[in-house]
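The values are calculated or read from the model by the stated rules, or taken from the named source; none is laboratory data. Predicted model only: the values in this text are computed from it and were never measured. No Cβ is skipped: glycine too gets one built from the backbone with ideal geometry, and neighbour counts run over all protein chains shown. To get the accessible areas, we keep the full protein, side chains included, count just its heavy atoms, and leave off ligands, DNA and RNA. Shrake-Rupley method; radii C 1.70, N 1.55, O 1.52, S 1.80 Å.
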Amino acid sequence: MEQLADIRRNGLYKSERVITTAQSANINVASGASVLNFCANNYLGLAKHPAVIAAAHEALERWGYGLASVRFICGTQTPHKQLEQKISEFLGTDDTILYSSCFDANGGLFETLLGAEDAIISDELNHASIIDGVRLCKAARFRYRNNDMADLEAKLIEAKSARHRMIATDGVFSMDGHIANLAAICDLAEKYDALVMVDDSHAVGFMGKRGRGTHEFHNVMGRVDIITGTLGKALGGASGGYTSGRKEIIEYLRQRSRPYLFSNTLPPAIVGGSIKAIELLTEGTELRDKLEANTKYFREGIAKTGFNIIPGEHPIVPIMLGDAALAARVAEAMLARGVYVIGFSYPVVPQGKARIRTQISAGHSVENLDFAIKQFGEVRSELGLGA
(Lines give C-alpha, C1' and ligand atoms only; values in the text may rest on other atoms or scores of the structure.)
Protein backbone atom coordinates (compact mmCIF):
# COMPACT_ATOMS: atom_id res chain seq x y z
CA MET A 1 0.00 0.00 0.00
CA GLU A 2 1.13 3.52 -0.78
CA GLN A 3 0.20 4.64 2.74
CA LEU A 4 2.60 2.09 4.26
CA ALA A 5 5.34 3.16 1.87
CA ASP A 6 4.84 6.77 2.95
CA ILE A 7 5.06 5.76 6.60
CA ARG A 8 8.39 4.02 5.95
CA ARG A 9 9.80 6.91 3.88
CA ASN A 10 8.96 9.41 6.61
CA GLY A 11 10.64 7.37 9.30
CA LEU A 12 7.31 6.74 11.07
CA TYR A 13 7.13 2.96 10.69
CA LYS A 14 6.76 1.27 14.07
CA SER A 15 8.53 -2.07 14.24
CA GLU A 16 7.80 -4.46 17.07
CA ARG A 17 10.87 -5.73 18.84
CA VAL A 18 10.66 -9.18 20.36
CA ILE A 19 11.83 -9.76 23.92
CA THR A 20 12.60 -13.34 24.92
CA THR A 21 12.35 -13.08 28.70
CA ALA A 22 9.84 -11.97 31.29
CA GLN A 23 9.22 -8.23 31.61
CA SER A 24 11.81 -6.72 33.95
CA ALA A 25 14.41 -3.99 34.27
CA ASN A 26 16.77 -6.48 32.60
CA ILE A 27 15.49 -8.27 29.51
CA ASN A 28 16.81 -10.27 26.56
CA VAL A 29 15.93 -9.42 22.96
CA ALA A 30 15.59 -11.67 19.93
CA SER A 31 19.26 -11.22 18.97
CA GLY A 32 20.19 -12.85 22.28
CA ALA A 33 21.55 -9.64 23.78
CA SER A 34 20.81 -8.74 27.40
CA VAL A 35 19.70 -5.13 27.72
CA LEU A 36 18.33 -2.68 30.27
CA ASN A 37 14.68 -1.82 29.74
CA PHE A 38 13.94 1.90 29.95
CA CYS A 39 10.59 2.08 28.19
CA ALA A 40 8.14 -0.19 30.04
CA ASN A 41 5.21 0.93 32.18
CA ASN A 42 6.50 -1.43 34.87
CA TYR A 43 6.94 1.48 37.28
CA LEU A 44 7.19 -0.52 40.50
CA GLY A 45 8.87 -3.60 39.08
CA LEU A 46 5.87 -5.77 39.99
CA ALA A 47 5.60 -7.50 36.60
CA LYS A 48 8.14 -10.08 37.79
CA HIS A 49 7.57 -9.87 41.54
CA PRO A 50 7.59 -13.41 42.99
CA ALA A 51 4.61 -12.77 45.27
CA VAL A 52 2.50 -11.46 42.37
CA ILE A 53 3.46 -14.43 40.18
CA ALA A 54 2.70 -16.88 43.01
CA ALA A 55 -0.72 -15.29 43.56
CA ALA A 56 -1.49 -15.55 39.85
CA HIS A 57 -0.48 -19.24 39.88
CA GLU A 58 -2.67 -19.91 42.90
CA ALA A 59 -5.66 -18.18 41.30
CA LEU A 60 -5.14 -20.13 38.09
CA GLU A 61 -5.12 -23.44 39.96
CA ARG A 62 -8.13 -22.62 42.12
CA TRP A 63 -10.37 -20.60 39.81
CA GLY A 64 -9.39 -21.85 36.35
CA TYR A 65 -8.11 -20.37 33.11
CA GLY A 66 -11.10 -18.21 32.19
CA LEU A 67 -14.81 -17.68 32.74
CA ALA A 68 -16.06 -18.04 29.14
CA SER A 69 -18.73 -15.49 29.95
CA VAL A 70 -19.55 -11.91 30.78
CA ARG A 71 -20.04 -10.71 34.33
CA PHE A 72 -23.82 -10.63 34.65
CA ILE A 73 -24.36 -14.10 33.13
CA CYS A 74 -21.92 -16.44 34.85
CA GLY A 75 -18.63 -14.55 34.77
CA THR A 76 -18.32 -13.22 38.31
CA GLN A 77 -16.26 -15.09 40.88
CA THR A 78 -15.43 -14.22 44.47
CA PRO A 79 -12.00 -12.76 43.58
CA HIS A 80 -13.56 -10.32 41.10
CA LYS A 81 -15.57 -8.76 43.91
CA GLN A 82 -12.51 -8.86 46.17
CA LEU A 83 -10.40 -6.99 43.62
CA GLU A 84 -13.10 -4.35 43.13
CA GLN A 85 -13.20 -3.84 46.89
CA LYS A 86 -9.40 -3.67 47.13
CA ILE A 87 -9.24 -1.01 44.40
CA SER A 88 -11.99 1.04 46.07
CA GLU A 89 -10.25 0.89 49.45
CA PHE A 90 -6.89 1.81 47.90
CA LEU A 91 -8.27 4.77 45.95
CA GLY A 92 -10.67 5.91 48.66
CA THR A 93 -13.78 5.57 46.48
CA ASP A 94 -17.24 4.07 47.01
CA ASP A 95 -17.15 1.28 44.45
CA THR A 96 -15.29 -0.09 41.43
CA ILE A 97 -16.20 -1.92 38.21
CA LEU A 98 -13.66 -4.04 36.31
CA TYR A 99 -13.08 -3.94 32.54
CA SER A 100 -10.81 -5.87 30.20
CA SER A 101 -8.69 -2.72 29.79
CA CYS A 102 -8.71 0.97 30.69
CA PHE A 103 -9.34 1.62 27.01
CA ASP A 104 -12.64 -0.23 27.45
CA ALA A 105 -13.34 1.56 30.73
CA ASN A 106 -13.04 4.92 28.97
CA GLY A 107 -14.88 3.63 25.92
CA GLY A 108 -17.83 2.56 28.05
CA LEU A 109 -18.04 5.63 30.28
CA PHE A 110 -19.20 8.75 28.45
CA GLU A 111 -21.86 7.21 26.22
CA THR A 112 -23.39 5.50 29.23
CA LEU A 113 -23.58 8.50 31.53
CA LEU A 114 -24.14 11.47 29.22
CA GLY A 115 -26.62 12.34 26.48
CA ALA A 116 -27.25 15.02 23.91
CA GLU A 117 -28.34 17.49 26.62
CA ASP A 118 -24.98 17.24 28.38
CA ALA A 119 -21.43 18.48 27.78
CA ILE A 120 -17.91 17.03 28.03
CA ILE A 121 -14.98 19.40 28.55
CA SER A 122 -11.81 17.48 27.69
CA ASP A 123 -8.10 18.32 27.89
CA GLU A 124 -6.52 18.54 24.42
CA LEU A 125 -3.76 16.05 25.34
CA ASN A 126 -6.01 13.35 26.77
CA HIS A 127 -5.26 9.72 25.96
CA ALA A 128 -6.69 8.22 22.77
CA SER A 129 -9.08 6.07 24.81
CA ILE A 130 -10.74 9.19 26.26
CA ILE A 131 -10.91 10.75 22.80
CA ASP A 132 -12.53 7.64 21.34
CA GLY A 133 -14.90 7.33 24.29
CA VAL A 134 -16.02 10.92 23.86
CA ARG A 135 -16.62 10.32 20.14
CA LEU A 136 -19.11 7.58 21.01
CA CYS A 137 -21.13 9.98 23.13
CA LYS A 138 -23.80 12.40 21.86
CA ALA A 139 -22.94 15.08 24.42
CA ALA A 140 -21.63 18.46 23.27
CA ARG A 141 -17.83 18.46 23.13
CA PHE A 142 -15.49 21.18 24.33
CA ARG A 143 -11.70 20.94 24.32
CA TYR A 144 -9.46 23.08 26.51
CA ARG A 145 -5.75 23.75 26.18
CA ASN A 146 -3.53 21.38 28.11
CA ASN A 147 -3.65 22.10 31.83
CA ASP A 148 -4.84 25.65 31.06
CA MET A 149 -7.28 26.53 33.83
CA ALA A 150 -8.33 29.84 32.31
CA ASP A 151 -9.30 28.08 29.10
CA LEU A 152 -11.07 25.34 31.07
CA GLU A 153 -13.12 27.96 32.89
CA ALA A 154 -14.01 29.63 29.60
CA LYS A 155 -15.24 26.30 28.23
CA LEU A 156 -17.26 25.64 31.40
CA ILE A 157 -18.95 29.01 30.98
CA GLU A 158 -19.61 28.20 27.32
CA ALA A 159 -21.23 24.91 28.39
CA LYS A 160 -23.33 26.43 31.18
CA SER A 161 -26.63 25.64 29.46
CA ALA A 162 -25.95 21.90 29.43
CA ARG A 163 -27.94 19.65 31.75
CA HIS A 164 -24.77 18.01 33.12
CA ARG A 165 -21.11 18.95 32.58
CA MET A 166 -18.15 16.57 32.93
CA ILE A 167 -14.48 17.59 32.94
CA ALA A 168 -12.29 14.79 31.57
CA THR A 169 -8.54 14.71 32.03
CA ASP A 170 -5.57 12.41 32.28
CA GLY A 171 -4.05 12.44 35.75
CA VAL A 172 -0.63 12.26 34.08
CA PHE A 173 -0.23 13.02 30.38
CA SER A 174 1.59 9.97 29.13
CA MET A 175 3.74 11.47 26.39
CA ASP A 176 5.09 14.37 28.45
CA GLY A 177 4.90 13.24 32.08
CA HIS A 178 2.97 16.41 33.00
CA ILE A 179 0.67 16.10 36.02
CA ALA A 180 -2.84 17.51 35.73
CA ASN A 181 -3.67 20.40 38.07
CA LEU A 182 -6.44 18.50 39.83
CA ALA A 183 -6.78 20.95 42.71
CA ALA A 184 -7.67 23.79 40.33
CA ILE A 185 -9.83 21.47 38.21
CA CYS A 186 -11.84 20.42 41.26
CA ASP A 187 -12.25 24.05 42.32
CA LEU A 188 -13.64 24.95 38.89
CA ALA A 189 -15.87 21.87 38.87
CA GLU A 190 -17.41 22.90 42.16
CA LYS A 191 -17.80 26.50 41.00
CA TYR A 192 -19.62 25.47 37.80
CA ASP A 193 -21.38 22.34 39.09
CA ALA A 194 -19.43 19.84 36.95
CA LEU A 195 -18.32 16.26 37.44
CA VAL A 196 -14.60 15.42 37.35
CA MET A 197 -13.31 12.32 35.54
CA VAL A 198 -9.61 11.37 35.73
CA ASP A 199 -7.78 8.63 33.84
CA ASP A 200 -5.02 7.89 36.34
CA SER A 201 -3.33 5.01 34.52
CA HIS A 202 0.15 6.55 34.78
CA ALA A 203 -0.15 7.47 38.47
CA VAL A 204 -1.99 4.85 40.54
CA GLY A 205 0.51 2.86 42.58
CA PHE A 206 3.16 5.54 43.05
CA MET A 207 1.89 9.15 42.86
CA GLY A 208 1.06 10.63 46.27
CA LYS A 209 2.52 9.75 49.67
CA ARG A 210 0.88 6.32 49.70
CA GLY A 211 0.76 5.82 45.94
CA ARG A 212 -2.98 6.33 45.57
CA GLY A 213 -2.63 8.54 42.50
CA THR A 214 -2.85 12.14 41.40
CA HIS A 215 -5.90 12.80 43.59
CA GLU A 216 -3.74 11.97 46.62
CA PHE A 217 -0.76 13.85 45.16
CA HIS A 218 -2.92 17.00 44.89
CA ASN A 219 -4.83 16.36 48.14
CA VAL A 220 -8.22 16.17 46.43
CA MET A 221 -9.27 12.69 47.53
CA GLY A 222 -13.06 12.65 47.78
CA ARG A 223 -13.44 15.49 45.27
CA VAL A 224 -12.95 13.46 42.08
CA ASP A 225 -16.15 11.76 40.92
CA ILE A 226 -14.75 9.15 38.53
CA ILE A 227 -11.31 7.54 38.30
CA THR A 228 -10.40 5.16 35.51
CA GLY A 229 -7.19 3.22 35.43
CA THR A 230 -5.31 0.11 34.44
CA LEU A 231 -3.96 -3.00 36.09
CA GLY A 232 -1.43 -3.18 33.25
CA LYS A 233 1.12 -0.61 34.42
CA ALA A 234 2.25 -0.09 38.02
CA LEU A 235 -0.26 -2.61 39.41
CA GLY A 236 1.48 -5.71 38.10
CA GLY A 237 1.83 -4.89 34.42
CA ALA A 238 -0.57 -7.52 33.06
CA SER A 239 -3.95 -6.43 31.71
CA GLY A 240 -7.33 -5.19 32.82
CA GLY A 241 -8.82 -1.87 33.76
CA TYR A 242 -11.42 -0.32 36.03
CA THR A 243 -13.69 2.61 36.72
CA SER A 244 -13.94 3.68 40.35
CA GLY A 245 -15.98 6.39 41.99
CA ARG A 246 -19.41 7.36 43.28
CA LYS A 247 -21.59 4.37 44.16
CA GLU A 248 -24.52 5.38 41.96
CA ILE A 249 -22.28 5.95 38.94
CA ILE A 250 -20.64 2.53 39.24
CA GLU A 251 -24.00 0.83 39.76
CA TYR A 252 -25.38 2.44 36.60
CA LEU A 253 -22.30 1.43 34.59
CA ARG A 254 -22.95 -2.21 35.56
CA GLN A 255 -26.41 -1.88 34.02
CA ARG A 256 -25.59 0.00 30.82
CA SER A 257 -21.86 0.12 29.96
CA ARG A 258 -21.46 -1.84 26.73
CA PRO A 259 -17.81 -2.99 27.06
CA TYR A 260 -18.70 -4.38 30.49
CA LEU A 261 -21.92 -6.08 29.40
CA PHE A 262 -20.54 -7.59 26.20
CA SER A 263 -16.93 -8.56 27.04
CA ASN A 264 -15.65 -11.62 28.88
CA THR A 265 -14.62 -10.97 32.44
CA LEU A 266 -10.99 -10.76 33.52
CA PRO A 267 -9.24 -14.15 33.81
CA PRO A 268 -8.65 -15.35 37.39
CA ALA A 269 -4.85 -15.28 37.16
CA ILE A 270 -4.84 -11.55 36.41
CA VAL A 271 -7.34 -10.91 39.20
CA GLY A 272 -5.29 -12.87 41.74
CA GLY A 273 -2.03 -11.19 40.77
CA SER A 274 -3.64 -7.74 40.88
CA ILE A 275 -5.04 -8.36 44.37
CA LYS A 276 -1.56 -9.27 45.58
CA ALA A 277 -0.04 -6.20 43.90
CA ILE A 278 -2.44 -3.89 45.74
CA GLU A 279 -1.79 -5.73 49.02
CA LEU A 280 1.95 -5.17 48.58
CA LEU A 281 1.39 -1.44 48.03
CA THR A 282 -0.93 -1.22 51.03
CA GLU A 283 1.67 -2.81 53.30
CA GLY A 284 4.29 -0.11 52.71
CA THR A 285 5.68 2.57 50.40
CA GLU A 286 9.16 1.16 49.80
CA LEU A 287 8.65 0.63 46.06
CA ARG A 288 7.12 4.04 45.36
CA ASP A 289 9.83 5.66 47.49
CA LYS A 290 12.56 3.93 45.48
CA LEU A 291 10.88 4.93 42.23
CA GLU A 292 10.77 8.55 43.39
CA ALA A 293 14.48 8.48 44.26
CA ASN A 294 15.39 6.76 40.98
CA THR A 295 13.40 9.31 38.99
CA LYS A 296 15.10 12.27 40.64
CA TYR A 297 18.53 10.70 40.12
CA PHE A 298 17.94 9.91 36.44
CA ARG A 299 16.40 13.28 35.62
CA GLU A 300 19.39 15.08 37.11
CA GLY A 301 21.86 12.82 35.33
CA ILE A 302 20.29 12.84 31.87
CA ALA A 303 19.98 16.65 31.95
CA LYS A 304 23.78 16.84 32.29
CA THR A 305 24.27 15.00 28.98
CA GLY A 306 22.92 18.02 27.12
CA PHE A 307 19.75 16.40 25.81
CA ASN A 308 16.58 18.47 25.92
CA ILE A 309 14.24 16.81 28.39
CA ILE A 310 10.76 17.86 29.48
CA PRO A 311 11.14 18.94 33.12
CA GLY A 312 9.01 17.45 35.87
CA GLU A 313 8.99 14.87 38.64
CA HIS A 314 7.23 11.93 37.01
CA PRO A 315 9.15 8.75 36.00
CA ILE A 316 8.18 9.44 32.38
CA VAL A 317 11.24 11.36 31.17
CA PRO A 318 10.88 12.44 27.51
CA ILE A 319 14.09 13.20 25.60
CA MET A 320 13.00 15.59 22.87
CA LEU A 321 14.57 15.13 19.44
CA GLY A 322 12.00 16.62 17.05
CA ASP A 323 12.73 14.51 13.98
CA ALA A 324 11.13 11.05 13.71
CA ALA A 325 14.00 9.47 11.79
CA LEU A 326 16.50 10.85 14.32
CA ALA A 327 14.49 9.40 17.21
CA ALA A 328 14.58 6.00 15.51
CA ARG A 329 18.36 6.25 14.98
CA VAL A 330 18.94 7.16 18.62
CA ALA A 331 16.80 4.22 19.75
CA GLU A 332 18.77 1.79 17.55
CA ALA A 333 22.09 3.20 18.72
CA MET A 334 21.02 2.83 22.34
CA LEU A 335 19.92 -0.77 21.77
CA ALA A 336 23.32 -1.57 20.33
CA ARG A 337 24.79 -0.19 23.54
CA GLY A 338 22.57 -2.30 25.79
CA VAL A 339 19.68 0.06 26.55
CA TYR A 340 16.18 -0.71 25.25
CA VAL A 341 14.26 2.46 24.34
CA ILE A 342 11.80 3.32 21.57
CA GLY A 343 11.44 6.38 19.36
CA PHE A 344 7.99 7.98 19.59
CA SER A 345 6.72 9.82 16.52
CA TYR A 346 3.52 10.84 14.76
CA PRO A 347 0.66 9.95 15.26
CA VAL A 348 1.58 8.95 18.83
CA VAL A 349 2.96 12.48 19.34
CA PRO A 350 2.44 15.61 17.20
CA GLN A 351 4.47 16.20 14.03
CA GLY A 352 7.87 17.66 14.88
CA LYS A 353 7.68 16.44 18.50
CA ALA A 354 9.44 13.07 18.11
CA ARG A 355 11.17 11.83 21.20
CA ILE A 356 12.61 8.98 23.20
CA ARG A 357 10.23 8.44 26.11
CA THR A 358 12.32 6.91 28.88
CA GLN A 359 10.50 5.42 31.85
CA ILE A 360 12.09 4.76 35.20
CA SER A 361 11.27 1.79 37.40
CA ALA A 362 11.78 0.85 41.02
CA GLY A 363 13.40 -2.24 39.50
CA HIS A 364 16.34 -0.18 38.24
CA SER A 365 19.49 -0.03 40.34
CA VAL A 366 21.65 3.09 40.57
CA GLU A 367 24.18 1.21 38.42
CA ASN A 368 21.49 0.70 35.77
CA LEU A 369 20.69 4.42 35.80
CA ASP A 370 24.35 5.41 35.55
CA PHE A 371 24.88 3.03 32.64
CA ALA A 372 21.90 4.40 30.70
CA ILE A 373 22.92 8.02 31.32
CA LYS A 374 26.45 7.26 30.09
CA GLN A 375 25.18 5.57 26.92
CA PHE A 376 22.83 8.45 26.12
CA GLY A 377 25.72 10.87 26.44
CA GLU A 378 27.92 8.81 24.15
CA VAL A 379 25.19 8.38 21.53
CA ARG A 380 24.64 12.12 21.56
CA SER A 381 28.30 12.63 20.69
CA GLU A 382 28.37 9.72 18.22
CA LEU A 383 25.47 11.15 16.21
CA GLY A 384 26.86 14.69 16.35
CA LEU A 385 23.92 16.08 18.31
CA GLY A 386 25.96 18.49 20.38
CA ALA A 387 29.40 19.57 21.46
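Residue by residue through the stretch 281-303, note down the ones that are touching a residue at least 12 places away in the same chain (Cβ under 8 Å) and either open to solvent by 40 Å² or more (accessible area, probe 1.4 Å) or not hydrophobic (A, V, I, L, M, F, W, C) (or both). So that I can check it myself, show each step before the final result.
Initially, the stretch 281-303 is screened for residues touching a residue at least 12 places away in the same chain (Cβ under 8 Å), giving 281-282, 285, 287-288, 290-292, 294-299, 301-302.
Answer for the stretch 281-303, where residues must be touching a residue at least 12 places away in the same chain (Cβ under 8 Å) and either open to solvent by 40 Å² or more (accessible area, probe 1.4 Å) or not hydrophobic (A, V, I, L, M, F, W, C) (or both): Thr282, Thr285, Leu287, Arg288, Lys290, Glu292, Asn294, Thr295, Lys296, Tyr297, Arg299, Gly301.
For the stretch 62-76, name all the residues that are open to solvent by 60 Å² or more (accessible area, probe 1.4 Å) and either touching a helix residue (DSSP H, G or I) at 6+ places or on another chain (Cβ under 9 Å) or not in a helix (DSSP H, G or I) (or both).
First, the residues of the stretch 62-76 that are open to solvent by 60 Å² or more (accessible area, probe 1.4 Å): 62-63, 65, 68, 72-74, 76.
Answer for the stretch 62-76, where residues must be open to solvent by 60 Å² or more (accessible area, probe 1.4 Å) and either touching a helix residue (DSSP H, G or I) at 6+ places or on another chain (Cβ under 9 Å) or not in a helix (DSSP H, G or I) (or both): Arg62, Trp63, Tyr65, Ala68, Phe72, Thr76.
Yes/no per residue for (1) closer than 15 Å to Met197 by Cα; (2) open to solvent by less than 10 Å² (accessible area, probe 1.4 Å); (3) among the acidic types (Asp, Glu); (4) touching a residue at least 60 places away in the same chain (Cβ under 8 Å):
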| position | (1), (2), (3), (4) |
| --- | --- |
| Ala47 | no, no, no, yes |
| Thr78 | no, no, no, no |
| Thr96 | yes, yes, no, yes |
| Glu111 | yes, no, yes, yes |
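Taking the stretch 255-264 on its own, how many of its residues are of a type outside the set (Lys, Arg), touching a residue at least 60 places away in the same chain (Cβ under 8 Å), open to solvent by 20 Å² or more (accessible area, probe 1.4 Å) and out of contact with any strand residue (DSSP E or B) (no Cβ under 7 Å at 6 or more places or on another chain)?
Number satisfying all stated conditions: 4.
Could you list, in sequence order, all residues of the stretch 366-387 that are over 19 Å from Glu292 (Cα atoms), in a helix (DSSP H, G or I) and open to solvent by less than 70 Å² (accessible area, probe 1.4 Å)?
Here is the first cut: in the stretch 366-387, the ones over 19 Å from Glu292 (Cα atoms) are 374-387.
Narrowing further to those that are in a helix (DSSP H, G or I): 374-382.
Residues satisfying the conditions are Gln375, Phe376, Gly377, Glu378, Val379, Arg380.
Can you confirm whether Met166 is open to solvent by less than 40 Å² (accessible area, probe 1.4 Å) and either without any contact (Cβ under 8 Å) to a residue 12 or more places away in the chain or more than 22 Å from Leu114 (Cβ to Cβ) (or both)?
Values: open to solvent by less than 40 Å² (accessible area, probe 1.4 Å): yes; either without any contact (Cβ under 8 Å) to a residue 12 or more places away in the chain or more than 22 Å from Leu114 (Cβ to Cβ) (or both): no.
Considered against the rule, which asks whether it is open to solvent by less than 40 Å² (accessible area, probe 1.4 Å) and either without any contact (Cβ under 8 Å) to a residue 12 or more places away in the chain or more than 22 Å from Leu114 (Cβ to Cβ) (or both), Met166 comes out as no.
Criterion first (open to solvent by less than 60 Å² (accessible area, probe 1.4 Å), touching a Leu at 6+ places or on another chain (Cβ under 6 Å), modelled with pLDDT of 95 or more and not in a loop (DSSP other than H, G, I, E, B)) does Val35 satisfy it? Steps first, please.
Details: open to solvent by less than 60 Å² (accessible area, probe 1.4 Å): yes; touching a Leu at 6+ places or on another chain (Cβ under 6 Å): no; modelled with pLDDT of 95 or more: yes; not in a loop (DSSP other than H, G, I, E, B): yes.
No, not satisfied.
Quick one: Val271 ticks every box in (1) open to solvent by 30 Å² or more (accessible area, probe 1.4 Å); (2) in contact with a His (Cβ under 8 Å, 6 or more places away or on another chain) bar one, so which box is it?
Here Val271 clears every test but (1).
For the stretch 194-274, which fully contained helices (runs of 4 or more DSSP H) count at least 1 residues that are among the polar types (S, T, N, Q)?
Values: elements: 214-217, 247-256, 258-261.
The qualifying helices (runs of 4 or more DSSP H) are 214-217, 247-256.
Exactly one condition in (1) open to solvent by less than 20 Å² (accessible area, probe 1.4 Å); (2) touching a Gly at 6+ places or on another chain (Cβ under 6 Å) is not met by Leu83; state its number.
Checking Leu83 against (1) open to solvent by less than 20 Å² (accessible area, probe 1.4 Å); (2) touching a Gly at 6+ places or on another chain (Cβ under 6 Å), the one that fails is (2).
Please find, within the stretch 304-349, the residue that is nearest to Val366 (Cα to Cα) out of those that are open to solvent by less than 40 Å² (accessible area, probe 1.4 Å) and among the aromatic types (Phe, Trp, Tyr).
Going through the qualifying residues, I end up with Tyr340.
Name the residues in the stretch 350-360 that are assigned to a loop (DSSP other than H, G, I, E, B) and either open to solvent by 10 Å² or more (accessible area, probe 1.4 Å) or free of Cβ contacts under 8 Å to residues at least 60 places away in the same chain (or both), would you? Walk me through it before giving the result.
Keep residues of the stretch 350-360 that are assigned to a loop (DSSP other than H, G, I, E, B), which gives 350-353, 360.
Pro350, Gln351, Gly352, Lys353 - these are the residues of the stretch 350-360 that are assigned to a loop (DSSP other than H, G, I, E, B) and either open to solvent by 10 Å² or more (accessible area, probe 1.4 Å) or free of Cβ contacts under 8 Å to residues at least 60 places away in the same chain (or both).
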